[in-house]
C-alpha cells in the first residue's frame, strides 16, 4: 500500500470508528467487566487481539508490563491511536494475522483480551485454530477475556426490531437537534451492524453474504429517505458497510455469529477452564453480546 493509499485508509477507518458506539464498541459498563476480570497483581503481560482503543487504554491504565496489539491492518491501528485517551507510547504493534502462530510469543502472555474479534473468523475451524494458538501464548493459569456477539436464545425478530428503530427515528426527526441526532445515529448503526450479522447467519453461524448485502442495501435506502436531510447523516452512513463492499468480501461486519453453547464448547476443548460468563447489555437483543472469562489449563 503506497503512502497516499495508506493515509486515505487511516482517514476512512478514523471516520468509521468515530461514528461507532456501544454495543459494537465496549461501553463503560463493559470496561468495568474487563477490569474486574483483570488478574490480581501487577506487571501483567497483555496481548490484545485487534486494536480496540478502549482495551488498549485499559491496559495502559492498569500499568501492564507489556502491551501488544495484534492486528494485521496497520491503517486501522493508526486510526485507533487517534481515538485513544491514554498514551500508547509503550504499546507494541504486531502486524500479524491472528490465524498465523507467532513462535516468539509462546508462553509469554499473562492475559489476552478481545472485543468482537473471533466474529471476524470462520466458525468453527478458525475459532479453534486461533484459540489453540492463544492457549500457547498464555502461561499456565493465564487468562482470556472476550466479548463477542452470538445468536440469541430467542430468535431475533428482525422485522419487529427494525420497525422499532424506524419509529424511533421518525419520532426524533422533527424535533431533534444535532446534539441528539448524531448520538442516535451512532447507536442505531452500531446496533444494526450486529443485528444484520445475526439475522444473516445460517444455522452453523456462518454469515450468508447475499443476505447481509440485501439488509445493508435496504438500510441505506430506508435511512437516506428518512435522514438524508440531516447534516449528520453524511458522516454517520460511512460506518455502515455498503452492498457492494459486502459482496466484494470486505469483512467489516464479521463472518460468524454462532450459537452460544457450541462456541463455549470450543473454548473448553482448546484447553480453557471457563470461569465466568455474562451478558453485555441487551441490545440489539438479550443474549446477543456476551462475555467469556476463561483460564488456561
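The values are calculated or read from the model by the stated rules, or taken from the named source; none is laboratory data. The shown structure was predicted, so the numbers you read here are calculated from the model rather than taken from an experiment. Every residue, glycine among them, receives a Cβ derived from its backbone with ideal geometry; neighbour counts consider all protein chains shown.
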* **Flag if residue 209 is buried (at least 18 other Cβ atoms within 10 Å of the Cβ) and either under 18 Å from residue 242 (Cα atoms) or modelled with pLDDT of 95 or more (or both)** => no
* Please work out which residue is farthest from residue 21 (Cα to Cα), limiting yourself to region 273-297 and to residues that are part of a strand (DSSP E or B) and in contact with a helix residue (DSSP H, G or I) (Cβ under 7 Å, 6 or more places away or on another chain). => 296
* To do: Taking residue 185 as the residue in question, decide whether it is farther than 17 Å from residue 151 by Cα, assigned to a helix (DSSP H, G or I) and touching a residue at least 12 places away in the same chain (Cβ under 8 Å).
  => yes
* **Verdict on residue 56 being free of Cβ contacts under 8 Å to residues at least 60 places away in the same chain and either outside any loop (DSSP other than H, G, I, E, B) or assigned by TED's automatic domain parsing to the domain that holds residue 134 (or both)** => yes
* To do: Could you tell me which of the residues 238, 252 is closer than 17 Å to residue 24 by Cα, part of a loop (DSSP other than H, G, I, E, B) and not assigned by TED's automatic domain parsing to the domain that holds residue 13?
  => 252
* Structure fact -> Of (1) surrounded by 14 or more Cβ atoms within 10 Å (Cβ to Cβ); (2) out of contact with any strand residue (DSSP E or B) (no Cβ under 6 Å at 6 or more places or on another chain), residue 286 fails just (1)
* Going by the structure shown, is residue 163 more than 21 Å from the chain's Cα centre (by Cα), modelled with pLDDT of 90 or more, in the same structural domain as residue 209 (by TED's automatic domain parsing) and surrounded by fewer than 16 Cβ atoms within 10 Å (Cβ to Cβ)? -> yes
* Asked: Just a yes or no: is a residue in region 218-227 surrounded by 14 or more Cβ atoms within 10 Å (Cβ to Cβ), in a helix (DSSP H, G or I) and without any contact (Cβ under 8 Å) to a residue 40 or more places away in the chain?
  -> yes
* Give the number of residues within region 23-38 that are touching a strand residue (DSSP E or B) at 6+ places or on another chain (Cβ under 8 Å) and assigned to a loop (DSSP other than H, G, I, E, B). => 5
* To do: Keeping to region 179-200, report how many residues are surrounded by fewer than 19 Cβ atoms within 10 Å (Cβ to Cβ) and closer than 27 Å to residue 122 by Cα.
  => 1
* To do: Run down 64, 59, 69 and say which single residue is more than 28 Å from residue 262 (Cβ to Cβ), in contact with a helix residue (DSSP H, G or I) (Cβ under 7 Å, 6 or more places away or on another chain) and at pLDDT 95 or above.
  => 69
* To do: Among the candidates 21, 3, 8, single out the residue that is over 30 Å from residue 107 (Cβ atoms) and either touching a helix residue (DSSP H, G or I) at 6+ places or on another chain (Cβ under 6 Å) or in contact (Cβ under 8 Å) with a residue 60 or more places away in the chain (or both).
  => 21
